[in-house]
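Let me begin by presenting the structure, written as structure tokens, before commenting on it.
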Amino acid sequence: MVDFVTACTLNCTAALRRWQLAYGSGICTASSELKMGLYFDSWMTELFVVLSVASFTLYLWFDRAYKYWKNKGVPYVEPSIPFGNVQKCLLGQQTLPDWAYDLYKQLPGGRFIGFYSFRRPHLLVRDPDLIRHILVKDSSTFVDRGFFIDDEEPLNYNLFLLGGHKWRQLRVKLTPTFTSGKLKGMFKTLQVCGEQMVEALQEPAARAGVVEIRELAARFTTDIIASVAFGIEVDSQRHPDNEFRQWGRKVFEPSVPGYLAVVMSFLNPEIMNLLRFKGGAAAISHYFRRMVRETVNYREEKNVSRKDFLELLIQLKNKGYVDVDKGDDGELNGTADVSKLTMDEVAAQAFIFFAAGFETSSSTISFTLFELAHNISLQNKLQEEIDSVLKEEGDITYESIAKMTYLDKVVSETLRKYPPLAFLNRECNKDYQVPGSDLVLEKGSTVLVSTLGLHRDPEYFPDPERFDPERFTEEEKARRHPYVYLPFGEGPRICIGMRLGLLQTKVGLVYILSKYNLRTVEHTPSKLDFHSRSFILLSKSGIHLRLEKRK
């Protein structure tokens, strides 16, 4: 194909050169306009032929690639040249989660569906049993996510993006940092941030004012992550324009370069590797790496110690393992591998901890309050449970949050309807015989699971648009296949910070609902719309609700 394009280019250049020489040498003079016309017509004819042959060859090149799934006997969505099946999400006409959801709904009844990004084939899996194989039983074959990783960017060496042996080593090292004992040690930070949020809400609540809930929740989770991951006190409730909050916004701020970088990293790593497209992240990387370096240096020079995530990363930098607290439920895994983290690796883990923990939790809080404002009876029921438990326990504590069973159902239902990871992607590292079929996935093939598709499939969740926490009673959960509800993924690559994410989400909700009622206003939508250039479910117009102090 490269040789053909080169030949076409040379032919076009030669034709153009002949016309230029003829005209420039005087052959085409005022007295020989006919000859000039003939030369021009000849050149245009030659160019037309070359472009026609090139277009036809390009068509055949794509057409041959688009027979991949047909030749394997796999049902597939009909692609179109040159984008395959990714035109809408690539051009920002559809969110990446909605695009994957639409694929899920194509060709109903099949266990899996083939599709294409440009010429690259992918497989979307719908069968829960096959999903269990990919995520758990055969996870060693699908350990990598298949993203393009720019090895020139230090922050890319984080637990979410890494694969293979590097991921396994890092996962083992970081697992002890999210035990119950470690979370209890961080709980005081959650309480302080919750109290600051409630205090900031007193003024708008006194006048029954309208609050943009997503921004409120984002400040709360920003303050928590800034403290436990970077060791700094931000108080963005009172100082919403502080530097850390501004940089936090930039991480998830919808933009064409950033969106294209994420989409292409997932859909076509080969093109990303060729183009080395940065997506405008260099400034963000510089800021967060500088912040981590300065904070770590200050702690080590001043011998400062705190019960937070950064302190655990400093242990990994200096010793290669994390100390286990007495009575903790973690294990000291340093005996197998005591290699130490570099400063950039520390920064990479702190950054992904911030990016994953700040946005997913703040979105879940805001989506929950949006649904409760539309379902007052459910809001009242949850407030009754909160009041009852706090009356018994006396305060918002780690233990009191654990006793709120209806709160857990409410949050679970929010995560069903608005999953933080709207799709999961995996790449197989060797040829893989798909169980129960004749299909063999070749090494390097990518597999997609639409979490949003599973969560809104009426076969598993009847009337899926309805917000119903009772879907998560023990009886209802027992009736469902366990692999149709995957808000944090599953298997060895399940979100390592899941428990902290759930904890800060619940703490934020309890602090708000124990003091205030949330009500819809005239411009509160009945259904959320999502930003088309965001790779996560990001409300396009915000979530505005009226705040009323409870009596």
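The values are calculated or read from the model by the stated rules, or taken from the named source; none is laboratory data. All of these numbers come straight from a predicted model, not from anything done at the bench. Backbone-built Cβ (ideal geometry, glycine too); neighbour counts: all protein chains shown.
Here are the numbers for the structure shown:
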{"quantity": "Per-region count, the stretch 498-532, residues assigned to a loop (DSSP other than H, G, I, E, B) and crowded, with 22+ Cβ neighbours inside 10 Å", "calculated": "0"}
{"quantity": "Close pairs from the stretch 377-404: first free of Cβ contacts under 8 Å to residues at least 12 places away in the same chain, partner of a type in the set (Ser, Thr, Tyr), Cβ under 6 Å, at least 6 apart", "calculated": "GLU393/SER400"}
{"quantity": "Tally, over the stretch 355-386, of residues that are modelled with pLDDT under 85, of a type in the set (A, V, I, L, M, F, W, C) and out of contact with any Ser or Thr (no Cβ under 6 Å at 6 or more places or on another chain)", "calculated": "2"}
{"quantity": "Check on VAL449, of a type in the set (Val, Ile, Thr), closer than 30 Å to SER139 by Cα and under 24 Å from the mean Cα position of the chain (by Cα)", "calculated": "yes"}
{"quantity": "Near pairs, Cβ below 6 angstrom, 6+ apart or cross-chain, from the stretch 101-119 (in a strand (DSSP E or B)) to any residue that is hydroxyl-bearing (Ser, Thr, Tyr)", "calculated": "GLY114/TYR76"}
{"quantity": "Residue check, THR177 under 24 Å from VAL292 (Cβ atoms), in contact with a helix residue (DSSP H, G or I) (Cβ under 9 Å, 6 or more places away or on another chain), modelled with pLDDT of 90 or more and part of a helix (DSSP H, G or I)", "calculated": "no"}
{"quantity": "Residues satisfying the stated conditions in the stretch 68-99, i.e. polar (S, T, N, Q) and either assigned by TED's automatic domain parsing to the domain that holds SER265 or modelled with pLDDT of 85 or more (or both)", "calculated": "ASN71, SER80, ASN85, GLN87"}
{"quantity": "Subset of the stretch 186-198 [surrounded by fewer than 20 Cβ atoms within 10 Å (Cβ to Cβ) and either at pLDDT below 90 or in contact with a strand residue (DSSP E or B) (Cβ under 9 Å, 6 or more places away or on another chain) (or both)]", "calculated": "VAL198"}
{"quantity": "Selected residue (only one of LEU500, LEU528 is touching a Ser or Thr at 6+ places or on another chain (Cβ under 6 Å) and aliphatic (A, V, I, L, M))", "calculated": "LEU528"}
{"quantity": "Residue within the stretch 184-193 that is of a type in the set (Phe, Trp, Tyr), more than 25 Å from ALA65 (Cα to Cα), more than 22 Å from the chain's Cα centre (by Cα) and part of a helix (DSSP H, G or I) present", "calculated": "yes"}
{"quantity": "Of all residues making up the stretch 127-152, the number that are within 17 Å of GLY491 (Cα to Cα), aliphatic (A, V, I, L, M) and either within 20 Å of the chain's Cα centre (by Cα) or not in a helix (DSSP H, G or I) (or both)", "calculated": "4"}
{"quantity": "Test result for ALA217, small (Gly, Ala, Ser) and either surrounded by fewer than 20 Cβ atoms within 10 Å (Cβ to Cβ) or outside the structural domain of LEU316 (by TED's automatic domain parsing) (or both)", "calculated": "no"}
{"quantity": "Pick from the stretch 403-425, criterion at pLDDT below 95 and outside any loop (DSSP other than H, G, I, E, B), ranking: nearest to LEU509 (Cα to Cα)", "calculated": "LEU424"}
{"quantity": "Complete set of residues in the stretch 426-484 that are under 15 Å from ARG132 (Cα atoms), among the aromatic types (Phe, Trp, Tyr) and either assigned to a loop (DSSP other than H, G, I, E, B) or in contact with a strand residue (DSSP E or B) (Cβ under 8 Å, 6 or more places away or on another chain) (or both)", "calculated": "TYR432"}
{"quantity": "Test: residue in the stretch 445-457 that is surrounded by fewer than 20 Cβ atoms within 10 Å (Cβ to Cβ), in the same structural domain as LEU537 (by TED's automatic domain parsing) and at pLDDT 95 or above", "calculated": "yes"}
{"quantity": "Failed item, numbered, when TYR287 is tested on (1) over 27 Å from PHE535 (Cβ atoms); (2) at pLDDT below 90", "calculated": "(1)"}
{"quantity": "Qualifying residues in the stretch 296-313 (those that are surrounded by fewer than 20 Cβ atoms within 10 Å (Cβ to Cβ) and of a type outside the set (D, E, K, R)) - the one farthest from the chain's Cα centre (by Cα)", "calculated": "ASN303"}
{"quantity": "Selected residue (only one of PRO487, PRO492 is in the same structural domain as LYS173 (by TED's automatic domain parsing) and touching a helix residue (DSSP H, G or I) at 6+ places or on another chain (Cβ under 6 Å))", "calculated": "PRO487"}
{"quantity": "Residues satisfying the stated conditions in the stretch 124-157, i.e. surrounded by fewer than 19 Cβ atoms within 10 Å (Cβ to Cβ) and of a type in the set (Lys, Arg)", "calculated": "ARG132, LYS137"}
{"quantity": "Any hit, the stretch 146-154, residues being closer than 26 Å to PRO435 by Cα and in contact (Cβ under 8 Å) with a residue 40 or more places away in the chain", "calculated": "yes"}
{"quantity": "Lone unmet requirement of (1) more than 27 Å from THR342 (Cα to Cα); (2) touching a Lys or Arg at 6+ places or on another chain (Cβ under 7 Å); (3) not basic (Lys, Arg); (4) not in a helix (DSSP H, G or I) for LEU124", "calculated": "(2)"}
{"quantity": "Residue list for the stretch 163-185, filter: touching a Lys or Arg at 6+ places or on another chain (Cβ under 7 Å) and under 27 Å from THR446 (Cα atoms)", "calculated": "GLY163"}
{"quantity": "Those residues of the stretch 194-216 which are charged (D, E, K, R) and part of a helix (DSSP H, G or I), in sequence order", "calculated": "GLU195, GLU199, GLU203, ARG214, GLU215"}
